[in-house]
Amino acid sequence: MRVTSRPSLAGSILALLPLLALAPAAHADSIFDADPAQRGLLVTDLRLKHKALFQNPEANLEGGSLADATMSSGRLDAIKVGAPSTAGILAITVEPGEYRLATATAHLRMGNSMMNFRLWVPADSLPGINRRVAAGELVYVGRIEAQSIPRLTSQNEIHYSMAYDRERELQVWEKLRGKAKKSAWAEKIAARIAELQRAPAAVAASADSVRK
């Protein structure tokens, strides 16, 4: 199922919102250093594209942050944890609770120019973006597409959409498994990969049980 938001200027590129200044340093040096007995792993698969003349290139994701989903949108104190991307994926270990994607940063080289993107993701931009995470749990939010559209008289307009695809989830866990070697998370990731490979139809039909 695909969910698409209405255009939102609140989700535009915000040059005054540096990512790591917004997010407290509440993560370990490596996400896989965190203890699964105390934290869960929330994975957001975000892709940002920027529309240009005859092109729609994909930006390189640098990192992002998560907000407490029980707090109202726009409150800076709602942002609880941030991290750089891992293998182009936003994977963040969190204490048990309910979270949503809050900010993201990315860059894109266009010829000799470098474009830097800082996105503030409105709480109402994607219905169903909130995820509850328990200790030791792997939670895959799904694929979030952010399309940047330039506007001459205002900030760039951002369109968001979200969809779940079993094959894409499998690719994401395969990438993260390579980074999680010899960590306490490696076995959990391997088990999720095996589950996706063993019963694809059943897993896709019950995706909510994984994402919540």
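The values are calculated or read from the model by the stated rules, or taken from the named source; none is laboratory data. None of these values were measured; they are calculated from a predicted model. With ideal geometry, Cβ positions are generated from the backbone for all residues, glycine too; neighbour counts draw on all protein chains shown. When the accessible area is computed, the model is the full protein with side chains, heavy atoms only, and any ligands, DNA or RNA have been set aside. Shrake-Rupley method; radii C 1.70, N 1.55, O 1.52, S 1.80 Å.
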The size of the Cβ-based charge dipole (Lys, Arg +1; Asp, Glu -1) of segment 57-180 about the Cα centre, to the nearest 20 debye, is 180
Burial-style ranking of 107-114, 36-43, average other-beta-carbon count within 10 Å with highest first, yields 36-43, 107-114
Rounded to the nearest whole number, the per residue volume of the convex hull around the C-alpha atoms of segment 49-201 in Å³ is 140
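Around Thr93, what is the net charge, scoring Lys/Arg as +1 and Asp/Glu as -1 over all other residues with Cβ under 11 Å from its Cβ?
-3
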Dividing the mean separation of Cα pairs under 8 Å (6+ apart) by the residue count of segment 38-168 yields a relative contact order in percent of 32
Calc'd 3J(HN,Hα), segment 96-105, phi into Karplus 6.51 cos²θ - 1.76 cosθ + 1.60 (θ = phi - 60°), Hz, glycine/Pro = x, comes to x, x, 10, 10, 8, 5, 10, 9, 8, 10
Probe 1.4 Å, all chains present, heavy atoms only: Glu95 accessible area in Å², nearest 10, is 110
Restricting to aspartates and glutamates and to Cα separations under 16 Å from Lys182, and discarding same-chain partners fewer than 8 apart, the set is Asp29, Asp33, Asp35, Glu174
